[in-house]
Amino acid sequence: MPDVITVRVQTDSDSFQDVIVKIERPAYHKPFLGGFKNRITGVEFHNAGSQTIPKKRPDKGIQLFCREAQAVFEQNKPQQTRNTTSTQMTKIGLYVSNMTDKLISPGKYLTAEEYHKRRLEAVIVLQRYFRRWHAINVVQNLREEKRLRLAWEAQAELRRKKEKEEKLRREHERRLNPKTKEDFELLYHALELWRQEETERINRTLTGAERKAAFCGLLEQEAQLIASIGRHKLNADEANLQKAILHFLDKCAQPKRWKAYDGKITEMDTQYTLRARELFEIYRSISMNDIPKDERIDVLLTLRRTVKEHECKLTREIVELIDREVDLMSREVKECNLEGLRKRICTLFLQYIKTPKFNPEVARILKVPPDPLKLYKNVNFCRSCENYLPSSEFPVPANSRTIGRCRLCCKLNNEAQQRDAFLKYKLILENLRKSEADYQDDAKIVFLVQHQDLQYMIENIWGCQSALSACSDLYDLVMVRWDKQCEWSPWNTILLTKDEADAHLKLCNLQEAYEAAFIHRIKHKHIRAKTYFAQIPAMTSFLHRSDNRANAN
């Protein structure tokens, strides 16, 4: 190809122009970037090419080599070279000065045995210092562990002391300000203990007419105390009723809640929940005491507008009572004379709120009366109060064969005669059920046992004391599994304190941890529990299952 060529280029539809193009010859060898060669013709075909002239590296005046030329495999071979030495001495014709010479005398020769003996003595010295250092560290660690142990024991003792003081304080507070039925059980139990002590003191110290007079005075004091407890009970029932009403209304006013896929809680208010919340706020306002007269009138007017939205006998009566109170307040009537009227307004407005027609959200919470035909199958007769009540109103112990008295009659009988306090046994049963639920092994027997059965076990089988330390404080006692691998049952349990129970549940082998006499004593208590609970039909299947497992083992 020549160095200059002429190329004709079309510039328009009918015109052309000649353009002179100079060909530049490459002054370098084109790099091979991939391709193939025809074996027959010898022609090379490249897959890629480059027209850019490569940049030349500046000449530094030093010959450079690539990595392959610089990499050298080295080998190390030890070689022993000759070391020629000589000694120059004084001789005829040569004088060598001896001013710098040293006189060396041979030392004591050290045998192999002496050398090894010296090394052994040095090793013994090193071991002595090391053992001293190690002993110091061991003693310091033991001292630190002892300090931590004593601090932990002191802290545990302080915690137990605080818990006991808090328990006594709560019990004292319960007796001073009783609120629940368990609190009144404690009061009646304390009253019975006081009566028994006074009776014993009178029988021991007095005789004849003085004894009769003392008994009359004791009876009068007991009657006064019972009347005082009754007044406290009326006040507590009234306060608990008001709390229950507010809780019921607050539950109606709660928004709808559901959990999303990401775990977040979503809340939504509907028109019914907003209506329930409005009625709840009005009820809370009208049930408040000691509010200014103007605010009371505003609340009553708001209530009047709310109930007038529906026309019926109930709303007309509420409106009439509201007008009466406003009129009496305008006449400057004392607050104490308006209490009865205000209670009537609150009662009627609560009835208004509980009507699903006026408050649709309440229909979701109200207990719907069951079908009367189905009710006949679940009703029992109480021979004490002579009322027909649902079966849920009758406490049925595990060893009961017939339906006895209802819960209210049992409660009245206990307050009048035995005056026992079941709070301690209820707490033990509650803790037992919580611990069994944590095992998550589908335990069933613990939920069939009632607190009366647990009371019988603790008092008659275990003697109201710990099996290990004989501690008799029921507030500190708990029931746990004897063999933690099996489900709790009256024949697989042990009564211990809380600390003893924690240590017992950490044991892996009971035969190695306890003595044979102690294990025999526990097994005897289990046999007594089996004999007692074998009378219960519901326990029969569990007894057979445990016997089969024992035979298999």
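I'd like the residue in the range 414-451 that is more than 21 Å from the chain's Cα centre (by Cα), assigned to a helix (DSSP H, G or I) and aromatic (Phe, Trp, Tyr) and, out of all such residues, is modelled with the lowest pLDDT. Restricting to residues being more than 21 Å from the chain's Cα centre (by Cα), assigned to a helix (DSSP H, G or I) and aromatic (Phe, Trp, Tyr), the top hit is PHE447.
The single condition from (1) open to solvent by 90 Å² or more (accessible area, probe 1.4 Å); (2) closer than 30 Å to ALA236 by Cα; (3) of a type in the set (Asp, Glu) that GLU200 fails is (2). Which residue pairs have Cβ atoms under 6 Å apart, sit 6 or more places apart or on different chains, and have a first residue in the range 524-539 that is in the same structural domain as GLY463 (by the TED database) and a second that is at pLDDT 85 or above? Matching pairs, first to second residue: LYS525/ILE461; HIS526/TRP491; ARG528/ILE461; ALA529/ILE461; ALA529/PRO490; ALA529/TRP491; LYS530/TRP491; PHE533/PRO490. Looking at this structure, is GLU500 surrounded by fewer than 18 Cβ atoms within 10 Å (Cβ to Cβ) and part of a helix (DSSP H, G or I)? So GLU500 does not fit the description; no. In the range 70-125, the qualifying residues are those that are among the charged types (D, E, K, R) and part of a helix (DSSP H, G or I), and the one that is least open to solvent (accessible area, probe 1.4 Å) is GLU114.
Scanning the range 473-487 for residues that are closer than 17 Å to TYR456 by Cα and not in a strand (DSSP E or B) gives ASP473, LEU474, TYR475. Scanning the range 466-517 for residues that are aromatic (Phe, Trp, Tyr) and in contact (Cβ under 8 Å) with a residue 24 or more places away in the chain returns TYR475, TRP482, TRP488, TRP491. Filtered by the rule that a residue be free of Cβ contacts under 8 Å to residues at least 12 places away in the same chain and either surrounded by 10 or more Cβ atoms within 10 Å (Cβ to Cβ) or not in a strand (DSSP E or B) (or both), the range 3-15 gives THR11, ASP12, SER13, ASP14, SER15.
All of (1) polar (S, T, N, Q); (2) touching a helix residue (DSSP H, G or I) at 6+ places or on another chain (Cβ under 8 Å); (3) at pLDDT below 85 hold for THR402 with one exception: (2).
For LYS179, the conditions (1) part of a helix (DSSP H, G or I); (2) open to solvent by 80 Å² or more (accessible area, probe 1.4 Å) are fulfilled apart from (1). For the range 445-458, the criterion of being over 20 Å from LYS424 (Cβ atoms), open to solvent by less than 60 Å² (accessible area, probe 1.4 Å), touching a residue at least 12 places away in the same chain (Cβ under 8 Å) and not aromatic (Phe, Trp, Tyr) is met by at least one residue. Exactly one residue among ARG284, ARG275, ARG324, ARG316 is charged (D, E, K, R) and either touching a Pro at 6+ places or on another chain (Cβ under 9 Å) or open to solvent by less than 30 Å² (accessible area, probe 1.4 Å) (or both), and that residue is ARG275.
Look at the range 282-301: where a residue is assigned by the TED database to the domain that holds LEU246, no partner that is open to solvent by 70 Å² or more (accessible area, probe 1.4 Å) and of a type in the set (S, T, N, Q) sits 6+ places away or on another chain with Cβ atoms under 8 Å.
The values are calculated or read from the model by the stated rules, or taken from the named source; none is laboratory data. Just so it is clear, the structure is predicted and the values come from calculations on it, not from any experiment. Glycine also receives a Cβ, built like all others from the backbone with ideal geometry; neighbour counts cover every protein chain displayed. Heads up: the accessible areas ignore ligands, DNA and RNA and are worked out on the full protein's heavy atoms, side chains in. Shrake-Rupley method; radii C 1.70, N 1.55, O 1.52, S 1.80 Å.
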